[in-house]
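Following: one structure in C-alpha cells, then a few remarks.
The values are calculated or read from the model by the stated rules, or taken from the named source; none is laboratory data. Note that the structure is predicted; figures quoted are calculated from it, not measured. Positions of Cβ are backbone-derived with ideal geometry, glycine not excepted, and every protein chain shown enters the neighbour counts.
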Amino acid sequence: MSIDGNDKVVIFDTTLRDGEQSPGCSMTVAQKLRMARTLADLGVDVIEAGFAAASPRDFEAVQEVARALDGPTICSLARCNGNDIALAARALAPAAKKRLHVFIATSPIHREHKLGMSRREVIARAVEGVSLAREFCRDVEFSAEDAIRTEPEFLAEVMAAVIEAGASTINVPDTVGYTTPDEMSRIIRHLRAEVPGIERVVISAHCHDDLGMAVANSLAAVAAGARQVECTINGIGERAGNCALEEVVMALKTRADYFGVDTGIDTRRLYPASRQLAAIIGSFVPANKAIVGENAFAHEAGIHQHGMLANRETYEIMRPEDVGIHRSTLVLGKHSGRHALNERVRELGFSLTEVELEQLFTRFKHLADRKRQVFDADIEALVAGESGDRGGPWQLASLHTTSSLGEEQLPSAAVALVGADGETVREAAIGDGPVDALLKAMARATATEFELVSMRVRSVSEGEDAQGEAELNARIEGVQYAGRGVDTDIVAACAQAFLEILNRASRRPLPAGREAGKDAGHDNRPARAIPLAAAQR
Ligand code: KIV
Ligand code: ZN
C-alpha cells in the first residue's frame, strides 16, 4: 500500500548499536567496520553505528564507520542531553550522510521510576534534544522510548512537539517487546490521525522480540503506514532480540502483493551477511531460523519432496538463491587456483578486498591439503573465519590432548600460548574430557578464571574429513563472551573459540569515570561510571 504516494520502506539497521549491546554480541571497532561494509553492500538505508557517548570505543566505531562509508546514512544514538548530542555530532562529522537519533522515555512507568519527570518535563526535554540535534544535523530522528506503554494522547502530544522542533523521523519503539500486531497497527493509525505535521515525517517502528512478535509487529506498523523499520541481522539485540532484518525484508518482498511496498535491500546478500555476523560474534544461527537457518529451505517429508519434484512452488514460497543460498555441486580442491576461489566467493555473495582474498587463498590451500573436497559451506566458514577476532594479546602455539575411557588415566591437555611480550607460557591440565582439560590448561596459562556457559560443535559440511565449527560462551569476571573456531580437528576448533574469548576478556577496557554504561542507553540521567559487568570486554 502506498502511503501518500510513498511505497519505499527505509531499512534502518541497528545491528551495531542495539544488537551489539546485548550480552555476547560485542564487536571490536574493526569488526564493526567490516560489518558496516557488509550492511552497505546489502543496501540498508541507515546504519546506526553506535551510541557515541556510551564509551570511547563506541565513539570511535561511529567515527570510523562515518569516515569509511559514503552510501548509507550513518547514525548515532544520543540521549536528550547536550553532552550526548555533541559527542554524537562530533563522531558523525566525517559522514557523507548523517543522522542524529535522540530519545527519551515517555511511558508512565519510565517517567516515574527511571526519569523522575512529569509529562511536561519530558516534552520539554524531548523538544530541547531535537532542537539541539538540528543545530548539528538536518536529519534528526526522535524515539519515544517505551512508546507502546505510553498513554496514546500523550504519545501524540510528544510526537507533535518534536515534529514542530524539527524531527524528520519519529520512531515508535516497543522497548519491552509487549505489543501485538493489532495494537501496533492502532497506535500507528492513531498517530497518523492525531499528530499535526505527521505527513511531513517518516514514521518508524522499532520492535523487540520478547513475545516473539517483533517481525509481525513491524509488518503491522508498515501496513498501517510506517515507512521505516528498525531491525538487526539475525535479530540480535537486548534480551530476546530485535526485529530480524532478513525476515522483515523477505516478508515484504514475498508478500509484495499484500504490502505493496519495496525496500532497497539486495536480498541475495542476506545469507552471507547473516553468516558473517554469526562468525564475528561467535554465535550459531539456529537451524530452523526463518530465511537464513540451515534448514530454512530443506524439505525432508516424503510428501513435500514429491510435491517439490513435481513443481517447486507446491512447498516453496521463496527460492534459496533469492536470499543468497547457493549450493553448487561443483567442489574445489587442492588444484583449484585463485581465480576459481575468487569466483566462488563472489557467487556466494561475499565482497572481499584484495588483501582479504589473498589471506583467504592461503587458508583455502591449507584446508585443501587436509581435505579432499572443499564445499561451499567450507568456503563460507573460511570467509566467516576471516571476520573472526584475530586481535591478541594471546596466540596459540601448540596443543596436545588425550582422551581415555578406562579409569587408568584421565583426559589431559598440554598447551603453549605466546603472550604479547613474545614469551611462551606452557601449561597442562586434566579434565572430564579433552576439551575440558584444554580449556583449563589455556585458562591456567593466561591466569584466567572462567565459567563455561555453553558449548556447541557441528560439522560444517559433509564427509569424514569435514571441518568442525565450535561455538563457546564463557563468563569471565561476570562478563559473558562468545568465541568461534573452525578446523578439521574439532578440539583445535574449540581451542580457537576459547582463545577468542580469552583475548576479548584481556582487551576489556578499564572503567573510566566519564563513560556511560551501555545500559545507560535506556536512561536519560547524566552519564555515570560504567559498571565493570556492563563494560562487556
Ligand atoms: O528499544 C528502544 O526503546 C531503543 C530506543 C533507544 C530506540 O532501542
Ligand atoms: Zn531497542
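What the table shows:
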{"read-out": "Within the stretch 1-32, considering residues that are among the small types (Gly, Ala, Ser) and modelled with pLDDT of 85 or more, the one farthest from ligand 1 (Cβ to nearest atom)", "value": "ALA30"}
{"read-out": "Residues satisfying the stated conditions in the stretch 161-192, i.e. within 16 Å of ligand 2 (Cβ to nearest atom) and within 19 Å of ARG125 (Cβ to Cβ)", "value": "THR169, ILE170, ASN171, VAL172, PRO173, THR175"}
{"read-out": "Unmet requirement for ILE265, which otherwise passes all of (1) in contact with a helix residue (DSSP H, G or I) (Cβ under 8 Å, 6 or more places away or on another chain); (2) closer than 21 Å to ILE148 by Cα; (3) in a loop (DSSP other than H, G, I, E, B); (4) more than 16 Å from ligand 1 (Cβ to nearest atom)", "value": "(2)"}
{"read-out": "Selected residue (only one of ARG186, ARG200 is more than 11 Å from ligand 1 (Cβ to nearest atom), of a type in the set (Lys, Arg) and within 21 Å of CYS75 (Cβ to Cβ))", "value": "ARG200"}
{"read-out": "Subset tally (residues that are surrounded by fewer than 24 Cβ atoms within 10 Å (Cβ to Cβ) and not charged (D, E, K, R)) for the stretch 237-246", "value": "2"}
{"read-out": "Qualifying residue in the stretch 88-96 (condition: assigned by TED's automatic domain parsing to the domain that holds PHE51, more than 25 Å from ALA40 (Cα to Cα) and either at pLDDT 95 or above or touching a Pro at 6+ places or on another chain (Cβ under 9 Å) (or both))", "value": "no"}
{"read-out": "Tally of residues being in contact with a strand residue (DSSP E or B) (Cβ under 9 Å, 6 or more places away or on another chain), among the charged types (D, E, K, R) and either at positive phi or at pLDDT 95 or above (or both) across the stretch 236-276", "value": "5"}
{"read-out": "Pick from the stretch 210-236, criterion under 11 Å from the mean Cα position of the chain (by Cα) and within 11 Å of ligand 2 (Cβ to nearest atom), ranking: surrounded by the most Cβ atoms within 10 Å (Cβ to Cβ)", "value": "CYS231"}
{"read-out": "Those residues of the stretch 396-442 which are part of a strand (DSSP E or B) and of a type in the set (Val, Ile, Thr), in sequence order", "value": "THR401, THR402, VAL415, VAL418, THR424, VAL425, ILE430"}
{"read-out": "Single condition VAL292 does not satisfy, out of (1) in the same structural domain as THR15 (by TED's automatic domain parsing); (2) away from ligand 1 (no atom under 16 Å from the Cβ)", "value": "(1)"}
{"read-out": "Those residues of the stretch 179-209 which are without any contact (Cβ under 8 Å) to a residue 60 or more places away in the chain and under 19 Å from the mean Cα position of the chain (by Cα), in sequence order", "value": "ALA205, CYS207, HIS208, ASP209"}
